[in-house]
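Engineer: To start, I am sharing the structure in question, which I have written as structure tokens.
The values are calculated or read from the model by the stated rules, or taken from the named source; none is laboratory data. Predicted, not measured: the structure shown is a model, and the values here were computed from it. Backbone-built Cβ (ideal geometry, glycine too); neighbour counts: all protein chains shown. Quick note on the areas: whole protein, heavy atoms, side chains included, nothing else; ligands and nucleic acids left out. Shrake-Rupley method; radii C 1.70, N 1.55, O 1.52, S 1.80 Å.
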Amino acid sequence: MKFNQTVLKEFILVGFSAYPNVQAFLLVIFFCLYLFTLAGNLTIMGLTGVDRFLHTPMYLFLSALSFSETCYTLTIIPKMLADLLSKSRAISVTGCGLQMCFFLGLGGTNCIILTLMGYDRFLAICNPLRYPLLMTNVACAQLVASAWAGGFFVSLIETVLIFRGSFCSPNLIRHFFCHMRAVVRLTCRDSDLTEFIVTVISVSGLLGTFLLILLTYVFILSTVLRIPSAEGKQKAFSTCASHLTVVIVHFGFASIVYLKPEASGGDDTLMAVPYTVITPFLSPIIFSLRNKDMKQAFRKVVRKTDALKK
């Protein structure tokens with residue numbers, strides 16, 4: 001039974017209001033992490049754009065992932081920071097729907113791009129002779145476009161399922177953004193079926209892309225183990241290390257929320273922080289620190305900047 005059948009026009013994001021004593025601390029921490037996330041992703045996109053030696057499918061996929069993650073954080077973190085500063089945490093129903101649609105769409109896009117990056121490594125290591133023919137820059141752009149289309153197609157389905165009806169009081173979303181599980185529970189109709197459907201769609205997408213990545217690495221591992229020289233094996237593994245690390249972090253944190261049983265309890269607000277704030281922060285760091293080409297491109301830009309100053 002719903003508390004009140006009055007049709008709502010806005011929601012209140014409860015967010016971190018349950019932790020008033022640490023809100024100032026959280027504001028500083030999240031703001032710093034957000035700045036570093038933006039700086040890291042913008043650096044990767046900038047270096048990929050200006051250095052012609054990085055105009056390869058591997059780095060084009062990386063640049064596409066950085067752009068997608070930048071948009072992903074823009075849908076949530078600025079609003080979250082504003083709510084930490086303000087006592088009014090209202091968001092309109094339309095605004096909530098748009099935030100959810102973009103969050104789910106960009107999250108799905110990130111998963112698909114990570115899968116494409118695994119496919120790119122699979123072709124480069126398992127089919128090196130055909131790789132230049134199969135993975136051209138045009139093909140890379142088409143695959144990235146399909147990732148965006150696929151991510152937002154699923155997102156639109158989920159958002160329409162949740163927002164097709166009206167919402168009832170109380171209008172409190174027990175989260176710091178319009179998370180689909182938190183919002184669907186406020187619908188006036190019986191929300192159990194809708195929640196089950198959107199959860200199945202999200203979990204299927206999450207597990208599907210992860211299993212595809214896992215499959216590519218099974219083939220990659222079998223190919224690398226057949227390389228006779230230790231140096232060749234190390235070189236092959238080094239090209240996959242950053243991607244594999246990001247995959248483990250990305251899908252590991254996301255699975256904590258989406259595969260968590262309802263009866264297990266726990267604060268969903270705190271549990272969402274790793275995959276909404278920490279994962280986008282770690283991703284550019286992992287790709288940059290373990291990548292010699294990216295470091296070299298950065299040094300080139302620094303040298304050119306110093307030369308212009310003299």
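Engineer: Condition (residue is over 25 Å from residue 251 (Cβ atoms), without any contact (Cβ under 8 Å) to a residue 40 or more places away in the chain and either assigned to a helix (DSSP H, G or I) or open to solvent by less than 50 Å² (accessible area, probe 1.4 Å) (or both)) applied to the range 136-146: is it met by at least one residue?
Structural biologist: Scanning the range 136-146, I find at least one residue that is over 25 Å from residue 251 (Cβ atoms), without any contact (Cβ under 8 Å) to a residue 40 or more places away in the chain and either assigned to a helix (DSSP H, G or I) or open to solvent by less than 50 Å² (accessible area, probe 1.4 Å) (or both), so the answer is yes.
Engineer: Let me ask another. Just to be sure, is residue 109 part of a helix (DSSP H, G or I), at pLDDT 95 or above and open to solvent by less than 10 Å² (accessible area, probe 1.4 Å)?
Structural biologist: Against the criterion (part of a helix (DSSP H, G or I), at pLDDT 95 or above and open to solvent by less than 10 Å² (accessible area, probe 1.4 Å)), residue 109 qualifies.
Engineer: Another one. In the range 85-93, is there at least one residue being over 30 Å from residue 132 (Cα atoms) and either part of a helix (DSSP H, G or I) or of a type in the set (Asp, Glu) (or both)?
Structural biologist: The answer is yes, given that some residue of the range 85-93 is over 30 Å from residue 132 (Cα atoms) and either part of a helix (DSSP H, G or I) or of a type in the set (Asp, Glu) (or both).
Engineer: Does residue 12 qualify as being aliphatic (A, V, I, L, M), farther than 21 Å from residue 171 by Cβ, in contact (Cβ under 8 Å) with a residue 40 or more places away in the chain and in contact with a Pro (Cβ under 9 Å, 6 or more places away or on another chain)?
Structural biologist: no
Engineer: Let me ask something else. Sort out which residues of the range 147-198 are among the β-branched types (Val, Ile, Thr), in a helix (DSSP H, G or I) and within 30 Å of residue 88 (Cβ to Cβ), and write them in order of number.
Structural biologist: 159, 160, 162, 183, 184, 194, 198
Engineer: Also, quick follow-up: Go through the range 34-64 residue by residue and tally those that are open to solvent by less than 40 Å² (accessible area, probe 1.4 Å) and among the small types (Gly, Ala, Ser).
Structural biologist: The number of residues fulfilling the criteria is 4.
Engineer: Could you say whether any residue in the range 99-106 is at pLDDT 90 or above and in contact with a strand residue (DSSP E or B) (Cβ under 9 Å, 6 or more places away or on another chain)?
Structural biologist: Among the residues of the range 99-106, at least one is at pLDDT 90 or above and in contact with a strand residue (DSSP E or B) (Cβ under 9 Å, 6 or more places away or on another chain), which makes the answer yes.
Engineer: Something else now. So which of 207, 270, 214 ends up being over 26 Å from residue 74 (Cα atoms) and open to solvent by 70 Å² or more (accessible area, probe 1.4 Å)?
Structural biologist: Going through 207, 270, 214 in turn, the sole match is 214.
Engineer: Continuing with this model, one more query. For the range 222-256, name all the residues that are exposed (fewer than 14 other Cβ atoms within 10 Å of the Cβ) and either in contact with a Leu (Cβ under 7 Å, 6 or more places away or on another chain) or basic (Lys, Arg) (or both).
Structural biologist: 226, 235 - these are the residues of the range 222-256 that are exposed (fewer than 14 other Cβ atoms within 10 Å of the Cβ) and either in contact with a Leu (Cβ under 7 Å, 6 or more places away or on another chain) or basic (Lys, Arg) (or both).
Engineer: Would you point out which residue out of 67, 31, 25 is open to solvent by 50 Å² or more (accessible area, probe 1.4 Å), more than 24 Å from residue 286 (Cβ to Cβ), assigned to a helix (DSSP H, G or I) and at pLDDT 90 or above?
Structural biologist: 25
Engineer: Can you tell me which residue within the range 147-191, out of those that are open to solvent by 20 Å² or more (accessible area, probe 1.4 Å) and among the hydroxyl-bearing types (Ser, Thr, Tyr), is modelled with the lowest pLDDT?
Structural biologist: Once the filter is applied, the top-ranked residue is 169.
Engineer: A further question on this structure: Hey, any hits in the range 290-300 for a residue that's surrounded by fewer than 17 Cβ atoms within 10 Å (Cβ to Cβ), modelled with pLDDT under 70, of a type in the set (Lys, Arg) and in contact with a helix residue (DSSP H, G or I) (Cβ under 6 Å, 6 or more places away or on another chain)?
Structural biologist: yes
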